[in-house]
Amino acid sequence: MITSLQNETIKEIMKLKQKKYRDEKDLFLVEGYHLVEEARKANCIQMLITTLEEKFVEKTLYVSDKVMEKLAFTKSPQPIMAICYKNKNQELLKAGKRYLLLDGLQDPGNVGTIMRTALAFGYDQIIMSKDCVDLYNDKVIRSTQGALFQMNTCIMDLKEAITFLKQQGVKVYGTCLQNAQSIDQHQRYSQMAFVMGNEGQGVHQEILDLCDERLYIPIQSIESLNVAIAAAITMYHFKEMN
């Protein structure tokens with residue numbers, strides 16, 4: 001059992017709290033029973049970290065409560081964490097029916113909630129721009145509630161993604177308030193993609209210019225909706241009909 005906070009292995013694991021090292025190592029941390037179990041189902045665990053005395057099938061690092069408190073993201077940590085391999089598949093799906101593109105979203109809770117919602121409504125892939133909040137940020141991971149391990153997600157230039165999708169016959173819609181039609185005025189197609197914009201700035205103009213059409217959600221009394229709420233409404237409205 002490791003009890004020292006100065007242990008070199010612990011120091012290396014601590015580095016995974018920084019995006020720079022997550023990118024360098026292609027690894028990330030998850031905390032708690034639920035997320036560890038979801039990672040186990042996805043077969044992406046490199047090593048477990050635990051204060052428990054029981055045996056696990058995975059390679060396991062046993063640590064003291066003090067060390068776990070240092071490694072954990074929460075104030076009252078559960079007694080188990082895992083180091084996981086990142087998903088290296090960054091290819092766009094060619095035969096998808098429903099896509100969601102995220103343009104510069106910065107709030108971890110929004111991204112996590114959107115991912116859960118996309119999974120719930122049967123969307124095939126989420127495409128995140130390179131300037132979005134890190135997919136493996138601990139707050140993003142927690143807010144996905146495990147959807148991270150099930151949702152097909154890639155990170156790439158949205159201009160390239162939109163060009164590719166249009167070549168595949170996918171209708172691409174940008175969400176905005178200007179020069180757009182109400183969500184109710186758009187018909188459903190077999191292949192559709194929707195671009196959701198940054199919390200403060202919305203979808204970049206050059207991205208909107210590439211979209212086939214623009215849509216907005218009619219609302220009253222306030223100027224705009226939270227992006228996760230807007231994404232949920234859009235995804236539900238246009239979800240593929242069984």
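Selection of first residues in the range 218-242 that are assigned to a loop (DSSP other than H, G, I, E, B) and of second residues that are of a type in the set (Phe, Trp, Tyr) and surrounded by 13 or more Cβ atoms within 10 Å (Cβ to Cβ), restricted to Cβ pairs under 6 Å at least 6 apart or on distinct chains, gives the following pairs, ordered by first then second residue: Lys239/Phe121.
I'd like to check something: does the range 161-180 contain any residue that is modelled with pLDDT of 95 or more, outside the structural domain of Ile45 (by TED's automatic domain parsing), within 30 Å of Leu29 (Cβ to Cβ) and touching an Asp or Glu at 6+ places or on another chain (Cβ under 7 Å)? No, the range 161-180 has no match at all.
State all residues of the range 1-49 that are over 9 Å from Ala82 (Cβ atoms) and assigned to a strand (DSSP E or B); if no residue qualifies, say none. Passing the criteria: Ile2, Leu27, Phe28.
Residues in the range 54-67 that are of a type outside the set (Asp, Glu) and under 23 Å from Lys41 (Cα atoms): Lys55, Phe56, Val57, Lys59, Thr60, Leu61, Tyr62.
Checked across the range 49-69, the condition of being under 25 Å from the mean Cα position of the chain (by Cα) and without any contact (Cβ under 8 Å) to a residue 60 or more places away in the chain holds for at least one residue.
Kindly evaluate Gly200 against the criterion of being under 30 Å from Lys75 (Cβ atoms), surrounded by fewer than 17 Cβ atoms within 10 Å (Cβ to Cβ) and outside the structural domain of Tyr21 (by TED's automatic domain parsing). Here the answer is yes, as Gly200 does meet what is asked. Pairs meeting the criteria (first residue in the range 24-39 and in contact (Cβ under 8 Å) with a residue 60 or more places away in the chain and of a type in the set (Val, Ile, Thr), second residue in a helix (DSSP H, G or I) and surrounded by 15 or more Cβ atoms within 10 Å (Cβ to Cβ), beta carbons under 7 Å, at least 6 apart or on different chains) are Val30/Val36; Val30/Ala39; Val30/Ile141. Just to be sure I understand the filter: pairs with C-beta atoms under 8 Å, separated by 6 or more residues or on different chains, first member in the range 116-131 and more than 15 Å from Gln90 (Cβ to Cβ), second member of a type in the set (Asp, Glu). Which pairs pass? Close Cβ pairs satisfying both conditions: Gly122/Glu240.
Taking the range 81-99, which residues are out of contact with any Asp or Glu (no Cβ under 8 Å at 6 or more places or on another chain) and surrounded by 15 or more Cβ atoms within 10 Å (Cβ to Cβ)? Once the filter is applied, which keeps residues that are out of contact with any Asp or Glu (no Cβ under 8 Å at 6 or more places or on another chain) and surrounded by 15 or more Cβ atoms within 10 Å (Cβ to Cβ), the range 81-99 yields Ile83, Cys84, Asn87, Leu92. Of everything in the range 99-126, what is touching a Gly at 6+ places or on another chain (Cβ under 7 Å) and either basic (Lys, Arg) or over 27 Å from Lys17 (Cβ atoms) (or both)? Give them in sequence order. Selection gives Asp124, Gln125. Within the range 55-103, if we keep just the residues that are assigned to a loop (DSSP other than H, G, I, E, B) and of a type in the set (Lys, Arg), the residue that is modelled with the lowest pLDDT turns out to be Lys88. I need a count of the residues in the range 104-128 that are part of a loop (DSSP other than H, G, I, E, B) and out of contact with any Ser or Thr (no Cβ under 6 Å at 6 or more places or on another chain). Matching residues across the range 104-128 total 7. Summed over the range 8-25, the residues that are under 17 Å from Asp134 (Cα atoms) and of a type in the set (Ser, Thr, Tyr) give a count of 1.
The values are calculated or read from the model by the stated rules, or taken from the named source; none is laboratory data. Everything numeric in this text was worked out from a predicted model, so none of it was measured. Every residue, glycine among them, receives a Cβ derived from its backbone with ideal geometry; neighbour counts consider all protein chains shown.
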